[in-house]
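The structure under discussion appears below in the form of structure tokens.
The values are calculated or read from the model by the stated rules, or taken from the named source; none is laboratory data. Because the structure is predicted, anything quoted here is derived from the model rather than measured. Ideal geometry is used to build each Cβ from the backbone, glycine not excepted, and the neighbour counts take in all protein chains shown. These area figures cover heavy atoms from the full protein model, side chains too; ligands, DNA and RNA do not enter into them. Shrake-Rupley method; radii C 1.70, N 1.55, O 1.52, S 1.80 Å.
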Amino acid sequence: MKKKTSIVTLIICVILTVLLGFTAVQGWGPTGTGAMRNIRTGLDLSGGVSITYQTVEANPSAEDMADTIFKLQQRVDQYSTEALVYQQGDNRISVEIPGVSDANTILEELGKPGSLSFQDEEGNVVLEGTDIAGAEGVSNQNQTSGQREYLVLLTMTPDGAKKFEKATSENVGKRIMIVYDGVAISAPTVRQTISGGSAQIDGMASLEEAKNLAANIRIGSLSLELEEIYSNVVGATLGQEALSTSLIAGLIGILIVILFMILVYRISGLAAGWALLIFTFLDLIFLNAFDITLTLTGIAGVILTIGMAVDANVIIYARMREEYALGKSLKSSIQSGFQKAFSAIIDGNVTTLIAAAVLYSLGTGSIRGFATTLAIGIVLSMFSALVVSRLLSMAFYGIGIRSEKAYGVLKARKPMAFIQKRLVFFVLSIAVIASAFVGMGIFKGSTGQPLNYSLDFIGGTATTVDFHQDLSLADLDKDVQPIVSKITGDANVQFQQVTSSTQVVIKTRELSVDEREALDQAIMDNYTDVAAEDITAENISSTISGEMKTNAVKAVIIAVICMLLYIWVRFRDLRFASSSVLALVHDILIVLVFYVWSRFSVGSTFIAVMLTILGYSINATIVVFDRIRENMRAMKGSSLKRIVNTSITQTLTRSIYSSLTTFITIFVLYLMGVPAIKEFALPIIVGIITGAYSSVCLAGSLWYLMKTKLGKNKFKEFEDADEGAIAPAAPAAEGAAAVTAAPVGSGKKHVKKDRSELQSTKRKKHRR
């Protein structure tokens with residue numbers, strides 16, 4: 001890149017950065033219009049609408065309640081993927097929709113969940129609402145007339161499909177009315193017999209009309225008829241403080257990471273920091289453009305992609321230094337650094353993108369929110385690293401920044417004996433993981449629960465108290481939480497303020513009658529304005545339904561399988577794939593160990609943590625394996641043990657720096673965050689440290705073990721002259737970083753074996 005072109009490039013990048021930053025954060029505050037201002041936040045961060053329904057049937061079955069909750073959850077997902085639906089008492093269902101403040105508007109749009117039926121012209125019911133699997137309002141271009149038409153697409157259950165085929169065959173040319181709560185809301189004419197369980201209704205004047213009809217059909221297909229009891233606007237469960245401190249902590253973390261990158265990689269670090277800033281602004285803009293509802297799990301996805309964006313730059317610039325140390329020119333080293341880091345970056349990000357796609361397709365609620373933020377961030381991080389960072393690096397070179405001091409020199413490092421110490425690593429990991437199952441058994445016997453499940457998982461009691469004074473979430477955490485925890489013996493307490501009132505909903509584990517009475521008395525003793533009639537309590541079901549748990553587990557298992565298949569195809573060796581997945585499972589289990597012994601509550605935060613580890617941990621392992629694959633071609637004649645040790649040593653700096661930059665971001669979040677944020681950040685820190693350990697100490701050793709011991713075609717390798725001893729690298733030309741090892745000791749016999757094998761190999765090649 002010529003000097004003039006480089007200067008123009010840098011000026012354009014400055015202007016672009018300013019414009020993106022202005023678009024992302026302009027007017028951040030109550031009157032702002034930037035992307036950061038417009039990003040929707042979830043119920044835990046900014047509050048929303050809470051609606052409580054009661055079944056018309058006095059004693060509904062548990063099966064019907066569960067089915068209704070599941071279907072209602074699917075209905076409210078149109079407003080937000082973070083909406084919650086859960087059982088309250090025996091015959092009530094609560095709906096919480098984040099990011100909105102007008103309960104009446106929501107009720108009008110959602111509609112009253114009543115009865116729905118399809119009836120022929122004689123008034124016979126030919127189809128029940130429960131026979132409908134889905135309904136969607138869409139617009140379409142008519143192929144014949146060329147005009148825009150508005151349709152409702154219907155899908156039926158298997159039983160519904162059979163009923164509908166029979167009904168349409170008997171009513172061709174006649175109308176079938178759709179009756180909702182006794183009122184015909186549509187009466188389409190049957191043109192033909194419809195089989196297969198799919199149909200469409202046309203004739204709507206607008207897309208809005210089609211969507212309204214579809215919404216009424218969906219809400220009327222519930223197993224139980226519901227009636228609204230009350231609705232209100234609730235405050236955030238984590239508070240605005242949680243959002244603001246998380247954002248500030250994130251910005252501070254990013255600035256520290258940028259300074260760290262500049263300190264370590266100098267001018268390359270400046271390019272990486274600049275690219276990271278552009279990535280952050282783009283991420284905020286895209287989160288707003290895709291109308292994402294940001295919750296605690298969404299924040300997890302954003303933080304993870306920031307770490308991955310830095311990771312890609314570390315891979316590139318570490319590789320660039322290696323090329324420079326081998327005697328290449330600076331320009332050639334920059335180009336080779338990006339070129340040779342490409343496969344590791346692509347493989348690491350694609351495996352994570354696969355996980356995000358599976359989690360989105362099979363997950364629900366907060367899991368989808370996490371998957372969406374993760375997928376957006378992955379694509380943008382690859383763009384920032386492979387395009388923006390490369391452009392900036394070449395521009396800096398083009399304007400004349402070419403001294404060795406501006407880029408740094410790689411110091412020679414002797415290969416470390418990771419493979420020789422594999423038994424120590426294996427025993428240590430197995431012992432730590434085994435302690436989790438021991439702990440779960442102990443706690444199962446003493447408390448009845450192997451883990452400290454939160455009310456998100458097992459439900460609990462909702463106690464509504466009118467304090468007759470405005471209490472902030474900070475006041476509640478400071479003054480009320482100790483009172484509640486003393487009664488419950490559990491620190492897992494959630495507070496939710498009812499907007500425009502002095503009422504507060506206190507959610508805890510399920511309380512017995514005696515505990516409820518004790519809690520009521522304790523509150524009245526500490527708050528004299530509160531009387532007995534100001535306190536009500538009822539049981540609530542888990543906010544994470546059984547279907548959501550099942551879907552989450554399915555999603556994780558399928559994601560892991562898909563990642564395994566991808567690595568298998570890319571590396572053409574099942575041992576690479578299985579080793580990386582085993583290392584990933586190890587990391588997840590170690591984090592589980594932390595939850596067992598720390599007694600941190602296991603709820604929605606637990607899911608966010610585990611998904612973060614799933615998306616992040618495998619990245620470092622792939623970088624190590626990518627180097628092993630490369631060195632198996634470059635180090636022909638060396639023992640497999642030496643190849644693996646050399647590969648891990650060559651990527652060690654990258655592993656440390658990548659983990660450290662992500663650690664910095666999370667650690668700042670932990671220091672500055674509110675208690676709920678700390679409960680999320682600390683297990684992530686454990687996962688980051690564990691991921692670095694497994695990629696360096698376990699993944700390569702697992703692959704080596706499989707390569708040499710498993711399968712019919714065992715790897716025949718010669719041993720080093722003195723097994724376990726790794727000599728310092730041989731002297732190299734100035735600036736070179738020959739990460740090689742020479743046999744030491746009195747192993748002449750083995751050295752001869754090395755040479756004879758090499759000579760034999762040469763002869764075979766010559767004959768061919």
* Expressed in nm to one decimal, what extension gain is obtained for the pair Leu16 and Lys678 from 0.36 nm per residue of sequence separation less their Cα-Cα distance? -> 234.8 nm
* Taking the highest mean first, how do the peptides 316-327, 461-472 order by number of other beta carbon atoms within 10 angstrom per residue? -> 316-327, 461-472
* Asked: With N residues in region 470-615, what two-decimal value do you get for its Cα radius of gyration over 2.2 N^0.38 Å?
  -> 1.50
* Structure fact -> Simple spin-label estimate for Ser195/Ser139, 7 Å along Cα→Cβ, in nm, reads 3.6
* Binned Cα-Cα distance frequencies in region 533-607 - 5 Å width, integer % -> 3, 12, 15, 16, 16, 13, 9, 6, 3, 2, 2, 1, 1, 0
* **Protection-proxy order for peptides 126-137, 191-202, each taking the mean of Cβ atoms within 10 Å per residue, highest first** => 126-137, 191-202
* Asked: By how many nm would the segment from Ile256 to Val513 lengthen if fully extended, with 0.36 nm per residue of separation less the alpha-carbon distance?
  -> 87.4 nm
* Could you rank the peptides 430-439, 514-523 by their average count of other C-beta atoms within 10 Å per residue, with the highest value first? => 514-523, 430-439
* **Sites Asp181 and Val585 - FRET efficiency at Förster radius 56 Å, r taken between beta-carbons, to 0.05** => 0.65
* Asked: Semi-axes of region 392-536's equivalent ellipsoid from the Cα gyration tensor, sqrt of 5 times each eigenvalue, largest first, rounded to whole Å?
  -> 54, 30, 11
* Asked: Tell me, Kirkwood radius of region 107-186 from alpha-carbon pair distances, in Å?
  -> 14.2
* Asked: Any idea what diffusion coefficient region 329-437 gets from Stokes-Einstein, in µm²/s, Kirkwood Rh on alpha carbon pairs, 10 °C, 1.306 mPa s?
  -> 87
* To do: Would you kindly give the portion of the calculated P(r) for region 605-672 that falls above 19 Å, as a percent of all Cα pairs?
  => 48
* Asked: Points 7 angstrom from Cα along the Cβ direction at His468 and Gln147: gap in nanometres?
  -> 6.6
* For region 413-557, with all protein chains present and a 1.4 Å probe, just round the carbon and sulfur fraction of the accessible area to a whole percent. => 57
* Approximate spin-label separation Glu630-Ser598, in nm, with each point projected 7 Å along Cα-to-Cβ -> 3.5
* To do: In Å and from the alpha-carbon atoms only, list the Rg and Dmax of region 305-393.
  => 15.4, 53
* Sort out for me the Cα centre separation of region 639-672 from region 118-151, rounded to whole Å. => 56
* To do: Report, to two decimal places, the Cα Rg of region 455-498 normalised by 2.2 N^0.38 Å (N = number of residues).
  => 1.18
* To do: Quick one: compute the contact order of region 260-348, relative version, from alpha carbon pairs under 8 angstrom and 6+ residues apart, as a percent.
  => 22
* Ranked from the most accessible area to the least, with a 1.4 Å probe and all protein chains present, what is the order of Trp274, Trp703, Trp568? -> Trp568, Trp274, Trp703
* Asked: At q = 0.10 Å⁻¹, what log₁₀ I(q)/I(0) does a Debye calculation on the Cα points of region 246-398 give, no solvent, two decimals?
  -> -0.36
